[in-house]
Amino acid sequence: MIKFDCMKNIIHFSVSKEGKFYIASAINFAIITQARTLDDLAKNIQEAVEVHFHGENIKELGFSPKPSILANIELPAHV
């Protein structure tokens, strides 16, 4: 019998642009951050995740030891 590991491997963010800022909001957690550039936003997301889970045993929360961050960016279509 094959046993599958059901740990979560991804912390998912939705990213949108509002005015001069990119806003990132975690889908299943109370994590939100912003930045003027996508490079800065990526750094801010990583920092916000570290701060949010600081002192937590993420394995007890169902995560693998080193989860990834996935950010989906919503861009306006100019059609």
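The values are calculated or read from the model by the stated rules, or taken from the named source; none is laboratory data. What you are looking at is a predicted structure, and each value in this text was computed from that prediction instead of being measured. Note that we place each Cβ from the backbone using ideal geometry, even for glycine, and neighbour counts take in every protein chain shown.
Look at segment 30-51: where a residue is farther than 12 Å from V15 by Cβ and in contact (Cβ under 8 Å) with a residue 60 or more places away in the chain, no partner that is exposed (fewer than 11 other Cβ atoms within 10 Å of the Cβ) and among the charged types (D, E, K, R) sits 6+ places away or on another chain with Cβ atoms under 6 Å.
Which residues, taken from segment 12-29, are in contact (Cβ under 8 Å) with a residue 24 or more places away in the chain and either over 16 Å from I69 (Cβ atoms) or of a type in the set (V, I, T) (or both)? If the condition is that a residue be in contact (Cβ under 8 Å) with a residue 24 or more places away in the chain and either over 16 Å from I69 (Cβ atoms) or of a type in the set (V, I, T) (or both), then V15, S16, K17 are the ones that fit. Apart from one condition, V51 fits all of (1) in contact with a strand residue (DSSP E or B) (Cβ under 9 Å, 6 or more places away or on another chain); (2) surrounded by fewer than 15 Cβ atoms within 10 Å (Cβ to Cβ); (3) hydrophobic (A, V, I, L, M, F, W, C); the exception is (1). Scanning segment 60-79 for residues that are polar (S, T, N, Q) and over 20 Å from T33 (Cβ atoms) turns up just one, S64. Of the residues making up segment 39-74, those that are β-branched (V, I, T) and over 11 Å from the mean Cα position of the chain (by Cα) are V51, I58, I73.
Mind listing whichever residues of segment 30-41 are closer than 17 Å to F53 by Cα and either touching a strand residue (DSSP E or B) at 6+ places or on another chain (Cβ under 7 Å) or exposed (fewer than 14 other Cβ atoms within 10 Å of the Cβ) (or both)? Hits for segment 30-41 are A30, I32, T33.
So that you can scan it fast, the table gives a plain yes or no per residue for (1) assigned to a strand (DSSP E or B); (2) at pLDDT 95 or above:
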| position | (1), (2) |
| --- | --- |
| D5 | no, no |
| H12 | yes, yes |
| A24 | yes, yes |
| A30 | no, yes |
| T33 | yes, yes |
| E56 | no, no |
| E60 | no, no |
| P65 | yes, no |
| A77 | no, no |
